[in-house]
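The values are calculated or read from the model by the stated rules, or taken from the named source; none is laboratory data. Here the structure is a predicted model, which means the values were calculated and not measured. Neighbour counts run over all protein chains shown; Cβ positions are idealised from the backbone, glycine included. When the accessible area is computed, the model is the full protein with side chains, heavy atoms only, and any ligands, DNA or RNA have been set aside. Shrake-Rupley method; radii C 1.70, N 1.55, O 1.52, S 1.80 Å.
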Amino acid sequence: MTTVGLDDTDSRTLGMCTTYVAARVARTLAERGHGVARVLLVRLNPAVEHKTRGNAALAIHTDAPEDTAFAVARDAVEAAAAVADDRTNPGLVVAPGRPDDPDAVPDAVAEFSRDAVRDHHDIADATALVEAAGYRSAGWKNGRGRIGALAAVGAWRAFEDWTYEYISYREESRWGTARDVDHDSVFAAADDAYPDAWDTVDRGEGEAVCVPHTPGPILHGIRGDDPEACRALAAAIEAEPTDFAQLFVTNQGTDAHLCDADALDALADGRAYRVDGTVATAPETRRGGHVFFEVADDTAEVRCAAFEPTKRFRERVRDLREGDALTVCGEVSDGTLKLEKFALRERVTTAPATPVCPSCERTMESAGAGQGYRCRDCSTSAPGKVAEPIARDLDVGWYEVPPCARRHVARPLVRGSWDAPVHPEH
């Protein structure tokens with residue numbers, strides 16, 4: 001077996017897509033009579049500065065000889081990579097041996113892959129490890145893509161939770177033009193396939209999430225836990241003719257990017273966390289529709305944010321109250337945790353209220369600073385405010401951003417195996 005790792009062939013402005021390059025490599029190898037066991041789509045740390053939208057690296061597992069696999073991949077990168085973009089710096093790494101064999105993919109490479117999803121690497125880190133492992137590699141321009149390419153090589157050993165994406169590619173003559181996709185057929189097909197295929201549409205926003213808006217070659221991408229459901233959903237969409245399609249095995253929808261933090265003072269910029277805290281300030285809506293509040297524990301206080309693109313998720317955040325116990329998940333940037341989901345663990349059920357006179361049932365008045373409350377008509381008194389039950393619209397459990405705002409790697413609640421009730425968005 002041989003593993004071909006690719007990264008950073010696309011551009012935010014010029015189009016192209018690294019999944020397309022990897023799919024072309026897989027097709028070329030198959031056309032030459034070589035077997036392709038799978039193609040991996042590995043989402044790396046979404047907080048990395050140099051990423052394009054999804055920060056994806058790709059790996060092809062094939063029985064082609066190492067030299068053949070390297071030559072085919074090199075030619076595909078040179079033919080398709082958007083190297084005219086200053087930010088695009090492709091990388092290629094080819095590793096011999098089975099992708100699950102510790103001799104072929106040593107522990108250091110698997111650990112590099114895990115860290116690439118949760119932390120940061122330098123180009124020198126990747127090139128040194130490539131040399132130590134005896135892998136063959138190539139880089140274009142500064143070769144930064146070798147970081148992701150090596151991470152893709154080690155991914156099959158590094159991760160256990162895998163999902164699928166079935167991507168249909170446009171005919172090249174249509175690239176850069178408006179996509180011809182029947183909106184109603186997408187929603188109907190999404191309903192039939194849910195929950196085996198998820199994040200196809202956002203019903204609340206009326207958006208076909210599976211159809212990108214970028215100038216690249218993708219017509220639509222269908223994600224889910226069942227590859228056959230993804231294929232069937234794609235086939236049911238009425239749209240323009242496609243060139244070809246490719247099934248990817250992926251870490252999308254797995255929360256592989258989240259680190260479990262023991263306390264709030266352990267949080268650092270450029271990483272994503274799952275951490276517990278208590279709501280310390282009431283949620284506040286600021287200019288632009290962004291919602292902010294503070295969470296605290298014994299070690300620190302951290303600002304959390306639900307930004308305007310998270311849409312109706314902000315209503316859930318606005319329903320939080322001081323004293324609610326939470327688990328919050330999201331990336332930390334400039335000291336702010338950008339919420340992807342949260343779990344309400346324990347909710348406040350009472351609020352301080354001015355006491356009511358037991359005799360006349362009128363609200364008491366302050367008797368003066370530090371002197372409690374009194375009823376002027378009945379001469380009754382109370383030492384201070386009382387706890388009054390309050391109605392809560394927010395139940396205990398997990399809440400998430402809607403599909404239109406979800407990061408590729410973030411785990412949707414519909415996937416199950418959560419430690420509290422779930423309130424999934426669809």
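Considered as a group, the residues in the range 375-392 that are open to solvent by less than 90 Å² (accessible area, probe 1.4 Å) and more than 12 Å from Val356 (Cα to Cα) include one that is nearest to the chain's Cα centre (by Cα), and that residue is Arg392. Can you pull out the residues in the range 393-403 that are open to solvent by 40 Å² or more (accessible area, probe 1.4 Å) and in contact with a strand residue (DSSP E or B) (Cβ under 8 Å, 6 or more places away or on another chain)? Hits for the range 393-403 are Asp395, Val396.
Could you list, in sequence order, the residues of the range 381-426 that are under 30 Å from Thr19 (Cα atoms) and assigned to a strand (DSSP E or B)?
The one that is under 30 Å from Thr19 (Cα atoms) and assigned to a strand (DSSP E or B): Glu400.
Looking across the range 304-326 at every residue that is among the charged types (D, E, K, R) and over 29 Å from Val209 (Cα atoms), the one that is least open to solvent (accessible area, probe 1.4 Å) is identified as Asp324.
Residues that are open to solvent by 30 Å² or more (accessible area, probe 1.4 Å), acidic (Asp, Glu) and free of Cβ contacts under 8 Å to residues at least 12 places away in the same chain: does the range 166-178 have at least one? Looking through the range 166-178, none of the residues is open to solvent by 30 Å² or more (accessible area, probe 1.4 Å), acidic (Asp, Glu) and free of Cβ contacts under 8 Å to residues at least 12 places away in the same chain. Would a scan of the range 144-158 turn up a residue that is more than 25 Å from the chain's Cα centre (by Cα) and either modelled with pLDDT of 95 or more or open to solvent by 20 Å² or more (accessible area, probe 1.4 Å) (or both)? Checked the range 144-158: no residue is more than 25 Å from the chain's Cα centre (by Cα) and either modelled with pLDDT of 95 or more or open to solvent by 20 Å² or more (accessible area, probe 1.4 Å) (or both).
Just so you know, in the range 101-142 the residues that are outside any loop (DSSP other than H, G, I, E, B) and among the hydroxyl-bearing types (Ser, Thr, Tyr) include one that is farthest from Asp255 (Cα to Cα), and it is Ser137.
Looking for something without any contact (Cβ under 8 Å) to a residue 40 or more places away in the chain and under 26 Å from Thr200 (Cα atoms) - is there at least one such residue anywhere in the range 366-389? No: the range 366-389 contains no residue that is without any contact (Cβ under 8 Å) to a residue 40 or more places away in the chain and under 26 Å from Thr200 (Cα atoms). Taking the numbered list (1) under 19 Å from Pro46 (Cβ atoms); (2) open to solvent by less than 40 Å² (accessible area, probe 1.4 Å); (3) at pLDDT 95 or above in turn, Arg118 passes all entries but (2).
Report whether or not Ala382 is modelled with pLDDT of 90 or more, closer than 30 Å to Arg271 by Cα and aliphatic (A, V, I, L, M). No. Please enumerate the residues belonging to the range 172-202 that are of a type outside the set (A, V, I, L, M, F, W, C) and in contact with a Pro (Cβ under 6 Å, 6 or more places away or on another chain). Across the range 172-202, the qualifying residues are Gly176, Asp199, Asp202.
Checking the condition at pLDDT below 95, open to solvent by 50 Å² or more (accessible area, probe 1.4 Å), more than 16 Å from Leu6 (Cβ to Cβ) and in a loop (DSSP other than H, G, I, E, B), which residue from Arg87, Arg98 passes? Answer to the check: Arg87.
Per the listing Ala239, Ala235, Ala282, the residue uniquely modelled with pLDDT of 95 or more, of a type outside the set (S, T, N, Q), closer than 30 Å to Asp192 by Cα and surrounded by fewer than 15 Cβ atoms within 10 Å (Cβ to Cβ) is Ala235. For the range 53-84, taking the residues that are surrounded by fewer than 19 Cβ atoms within 10 Å (Cβ to Cβ) and β-branched (Val, Ile, Thr), the one that is farthest from His213 (Cα to Cα) is identified as Thr68. Of the strands (runs of 3 or more DSSP E) lying entirely inside the range 180-296, those containing at least 2 residues that are touching a residue at least 24 places away in the same chain (Cβ under 8 Å) and among the charged types (D, E, K, R) span 271-279. Go through the range 341-361 and report how many residues are open to solvent by 20 Å² or more (accessible area, probe 1.4 Å), touching an Asp or Glu at 6+ places or on another chain (Cβ under 7 Å) and farther than 15 Å from Thr278 by Cα. Total satisfying the criteria: 3. Among the residues of the range 9-52, those that are charged (D, E, K, R), modelled with pLDDT under 90 and buried (at least 17 other Cβ atoms within 10 Å of the Cβ) comprise Asp10, Lys51. Restricting attention to the range 404-426, the residues being of a type in the set (Gly, Ala, Ser) and either open to solvent by 40 Å² or more (accessible area, probe 1.4 Å) or at pLDDT below 95 (or both) number 2. Residues in the range 253-279 that are of a type in the set (S, T, N, Q) and open to solvent by 50 Å² or more (accessible area, probe 1.4 Å): Thr278 only. Just one of the numbered conditions (1) surrounded by 18 or more Cβ atoms within 10 Å (Cβ to Cβ); (2) out of contact with any Gly (no Cβ under 9 Å at 6 or more places or on another chain); (3) within 28 Å of Leu339 (Cα to Cα) is not true of Glu205: (1).
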